[in-house]
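Only one structure is covered here, and it is reproduced in the block below.
The values are calculated or read from the model by the stated rules, or taken from the named source; none is laboratory data. Quick caveat: nothing in here was measured; it's all calculated off a predicted structure. Cβ coordinates were reconstructed from backbone atoms using ideal geometry, including for glycine residues, and neighbour counts include every protein chain displayed.
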Amino acid sequence: MVRIYGVDVPYKKIILIALTYIYGIGISKAKLICNLSNINFYIKMSELNEKQLELVRNNVKNLTLEGDLRREVMLNIKRLMDINCYRGLRHKKGLPVRGQRTKTNSKTCKKLRKNFK
């Protein structure tokens, strides 16, 4: 395993997929990191040398990821709940937030819903 930003990244996978193991990095950000580091998308993590790995670490370090990103998202949700906007109320009730139907779908949301009075 290779550690990048405090996360164990699998070394047998290609770099494009391996970087997505870090919270906050999807395929598009992984491609951006590879382009900034001048690394082929389809090279495996085990084939990277230390210089290339250091370039990847430096490019990842400049992004808001993992704990900071999770904290930021939770604070945004908490802010919505505090101001009692529609989305905040849906978060409080444990219902779908983005306009999905609830008559026949969203069984998981309803099952995991907290009981509010």
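When Leu80, Leu69, Leu55 are checked against the criterion of being under 23 Å from Tyr21 (Cα atoms), modelled with pLDDT of 90 or more, in contact with a helix residue (DSSP H, G or I) (Cβ under 6 Å, 6 or more places away or on another chain) and of a type outside the set (S, T, N, Q), Leu55 stands alone in meeting it.
Among the residues that make up region 74-87, is at least one of them acidic (Asp, Glu), farther than 19 Å from Met1 by Cβ and within 22 Å of the chain's Cα centre (by Cα)? Checked region 74-87: no residue is acidic (Asp, Glu), farther than 19 Å from Met1 by Cβ and within 22 Å of the chain's Cα centre (by Cα). Among Leu65, Leu80, Leu69, which is the only one that is closer than 30 Å to Ser106 by Cα and touching a residue at least 60 places away in the same chain (Cβ under 8 Å)? Sole residue among the options that is closer than 30 Å to Ser106 by Cα and touching a residue at least 60 places away in the same chain (Cβ under 8 Å): Leu65.
Going through region 1-25 one residue at a time, which ones are in a helix (DSSP H, G or I) and of a type outside the set (Gly, Ala, Ser)? Reasoning before the result, please.
The first filter runs over region 1-25 and keeps only residues in a helix (DSSP H, G or I), leaving 15-21.
Correct list: Ile15, Leu16, Ile17, Leu19, Thr20, Tyr21.
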